[in-house]
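Shown next, in structure tokens, is the structure this report addresses.
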Amino acid sequence: MDDSIGSTPSGSSGQELESAFPRHNAWCAGVCMIPTVFRFTVSTIMSAADLQRRHAELEGAPDPFPSLADTPSKPHVAPAANGSLDTSSVEAFPSLASTAGKPAAPATAWAAAPRIKATTSKHTVFSDSFTTPVVDLSTAGRDGKPTTLGEIMKQIMSQYKVKLDASTNQKLRQTTFFLKSEHKKELEKAKKSLLAMLSPVVTLVVQAPASTIPIIIGPKGATLKQVRDQTGVKIDIPRKDSLNGHTNGGSHEVSRTATPQPTGDEDEEPTVPVTITGAEPLALEAQALLQGIIATKTSRGTQRFIEAAEGADVSLTLNRHEDGSEIVVSGDREAVGRVVESVRSAIDYFTSNVTSLKMTLPKRQHRLLMGQGAEEIMSSSQCAVIVQKIEEPGDEITVWGRAQDLANGLTAVMEKANSAYIHEFPLPGPIAISRQLLTYMTRIGYPKTLSDANPGVQVYTPPQAVIDRSQVLNVDILGEKPAVDSAVRQLSQLVGKLIGATKDVPIDWLVHRIINSHKNAKKIKSFHENENVLVFFPPEEAEQSSVLLVYDPLSPNASPSPAEKAQKLEETETVEVEKKWHDAVVGRGGTTLNAIIGEDKTLSIKVGAEAGNPSNEDIIVVRGIRADVDRAVKEIKQIVADAQNDEIVSSYSVEFEIGQEFVGRIVGSQGSNINKLRDSLGVKIDFIDEYDDKDKDASVKKKKAVHQKAKVKITGRKENVEEAKKRIIMHADRLADETSEILKIPHQYHPSLIGQSGKYVIRLEDKYDVKITFPRGASSSENGEGKNREHNLKPDEVFVKGGRKGVAGAKSELLEALEFEKESNNVVKFTVPTRSVARILGRGGASINEIKDTTGAQIDVDKSTDDSNVTNISCRGTKQAIEEAKAAILAIAEQVHDEVTETILIENKFHRTLIGQGGRGLKELVARCGGPADPKTQAGLIRL
């Protein structure tokens, strides 16, 4: 891990450390934070000549020491303790420029071996999800135009290799997005891009010290480009000449000299406004990156090291390892040597003058000693404080400083630790319940909600490492005591509502993505709307086989009754049933169990060993919505009771009537529908014709057919019989509502009403749930062979069949379309002199196309006529369009008819003079003779 040398743990800045030791001019801002084992590495002990000889022995190896003949240098003596220091060695002083996107340097025999070898990660699928409030997309499209969430999702999926689903809860006005990809970087880019498209564009301003502007920009703009590429925002840094002397930095050009330091501690360095424009989350990310660069590079200690370079370009990096740390200096060889001397001097100074003291404070107070708090301690006491990470066990903190300043440092630490009121809110146990409560609060963003409702209050939840190992979970609330007390009361009310309102349901994590897919989003949404229960799936990478159910306490429909909560959450019930009665419950081929589950299949019933308890097979487990669970349990108990009393027989039967005309549709082709019902419920179904067989008169049969009924007899287990009866009656009712109608529509309009590949008629069929049949041709109706579906239709008939409302709607829309076609399909034919056709068409069809565009009529010119003197023209469209087009065409024909053609013999040598420059001579000649002034009309009047 590489860190800038200017960074200090726990937010302590090098600038504050420097003010603690003003007598020492060369020191390291972060050295006092480095572990006891500190290793400063400057490799090489070989001279340049030795390395050149070694290089000559390696065939094809690159020259590690390019010529420096054009580079001015100052003599510098390396420390004697290290022998002859060759500062031109790339290995001793590697470049610290960003390596992102650059190929690795070729390995050579004298190159240092890499510490870490690349490993190949196994192929996996990464997923992520996040929830946002419903976004107004009225101006989210291109150029501020409206768009839809679907269009945005399509754009993201086409741009990145991700799969994206979304589920919107209109009641909570929230949208949850689910992202999956085989590439983690693609997943992160897609998430960032999606957030950007759904977020408003904001403008942020970062006030950067003038001396940090060259560092923010980086060599040839590399650092600034990296921030822009990572976040996709626009970053503007004003040029130096546009700041009117308010700053001493801010140029877009990279500075090659160290930035001058203020002359005194009280002098504030001028700042340069850096403007960030982009989507809100990405703009905030870019702001954090720039502030991190500024915080790292404003260390005065680091600037002192850079000043030692005397204007040369150098950079420093701190590399941390398990066995210590090392500082790497890179740049011009002479400057590097001077900086190394400065760093060594600083290390010697801190080794002899800086000491540390350890103390313990409650973990909750550590938050006050980080970031800004640590900087304030450094400013007031000239001491640095280091605290452990929140997820690490232990309450120990370390204070670093000079011996004479440690007392003030301890005092400053205690004052800061007690500067704010902190309340530890313990979540009720046991630990499983505490984790459920914490999961719910973090998933709905309740800490932020609590902070927003109580200004000045900060709410902290424990990190995942603490959640995994702790037996008690606390929520820390910081701020002024009245505001904290108000937040505590609000949190207590929520926790009170959550007692008994959470439950973990074991579900194999491998099927989470199926249950939580876009396909089932409506079911999960309806589950919340109907049962007031929220469903939270763990992250896929966690591989946790549990799903959290929460009876939503924030819903206006939430009930405070514990019984109501338990009823909604306890969706599983176990029924004690002896194994010998299981066959009665299941039925032949599972038919009885199918009848209990119902057609919607919203229940899961496991019998015996399938229930997951091999030691006890005398159980039946029912899982589903509470109302369905209660119904199923009642039916199961009734079946078992009937079996025990030998009251169940398979001879229960019921008879009822349906219309004879519906029997064929209910039975289905070759009995497919009725056989499916028989196999599903295990019943016997017979259809009995009620009509008296003695009446053989066919005409009487036709008269009675309308009122004829058919009896249906179903035999089997009572529950199965009743379910089969219900399904058949429902099917017959749907068929009874069916009607049909024949519409008279002239045959010439059929193609327009059907549409290309039938798209218009298919749309009507889907919209009104009807079947629309057009005749295939006159031949089918004439020969009577019945090729048309349902009816032998005449050429001008259209058959519509379906429900009454659907048929009426389809009929109305067809007739409206017919009227439109009649209005827009008038045809008028007329003739014009053939010699006027060329003028009517115009050069490249310009004239005829202009008439079409102006009138909106379709115009066809037909030259295939026996009379070569006239040409047929047909116009199609509305009456007005046809009249206007015809008038325009006849006007041109009349104009041509009045024209006379004369041929004059003129020698070729005079043609150019007559034409004139750019045809001006001919144009003026036509105008003088009273001809048209329009260039288009003049074209062709005179031909040479």
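Quick note: the coordinates plus some simple rules give every number you see, no bench work behind them. Just so you know, these numbers come straight off a predicted model, no measurement behind them. Here the Cβ positions follow ideal geometry from the backbone for every residue, glycine too, while neighbour counts run over all protein chains shown.
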For this session: Quick one: of K481/K565; K829/K852; K389/K503; K525/K805, which pairs are farther than 25 Å apart, Cα to Cα?
Result: K481/K565; K389/K503; K525/K805
Seminar exercise, completed: Treating only Lys and Arg (+1) and Asp and Glu (-1) as charged, each at its beta carbon, one finds that region 393-497 has a dipole about its Cα centre, in Debye to the nearest 20, of 380
Problem set entry | Kirkwood Rh in Å, taken over all unlike Cα pairs in region 821-885 | 12.2
Problem set entry | Estimated vicinal HN-Hα couplings, Hz - region 842-853 in sequence order (Karplus 6.51, -1.76, 1.60; Gly, Pro = x) | x, 5, x, x, 4, 5, 5, 5, 5, 5, 4, 5
For this session: Averaging sequence separations of C-alpha pairs under 8 Å and six or more residues apart, then dividing by the length of region 354-406, give the relative contact order as a whole percent.
Result: 48
For this session: Would you grab the residues whose amide H sits under 5 Å from the one on T871? Only those 5+ places off in sequence or on another chain, please, with H modelled 1.01 Å from N.
Result: V832, T834
For this session: Before anything else, pin down the relative contact order of region 543-682: Cα pairs under 8 Å, at least 6 apart, normalised by residue count, whole percent.
Result: 25
Exercise. Among I514, A558, T572, which residue has its Cα positioned farthest towards the positive end of the charge dipole of region 513-603, with +1 placed on the Cβ of Lys and Arg, -1 on the Cβ of Asp and Glu, and the dipole taken about the Cα centre?
Worked result: I514
Problem set entry | Calculated from backbone phi, Karplus (6.51, -1.76, 1.60) coupling profile of region 550-564 in Hz, x at Gly/Pro | 10, 6, 4, x, 8, 6, x, 8, 5, 9, x, 6, x, 5, 5
Exercise. Taking H as built 1.01 Å from N, whose amide H comes closer than 5 Å to the amide H of T739, not counting residues under 5 places away?
Worked result: G802, G803, R804
Exercise. Roughly how large, in nm² to one decimal, is the mean projection of the convex hull of the alpha-carbon atoms in region 361-499?
Worked result: 8.4
Exercise. In what sequence, highest mean first, do 912-918, 888-894, 523-529 appear when ranked by Cβ atoms within 10 angstrom?
Worked result: 888-894, 523-529, 912-918
Exercise. Hey, how many Å between the Cα centroid of region 660-688 and the Cα centroid of region 358-405?
Worked result: 81
Exercise. Is the shape of region 477-611 rounded, prolate or oblate, going by the alpha carbon gyration tensor and its root eigenvalues a ≥ b ≥ c, with a/c under 1.5 for rounded and a/b larger than b/c for prolate?
Worked result: prolate
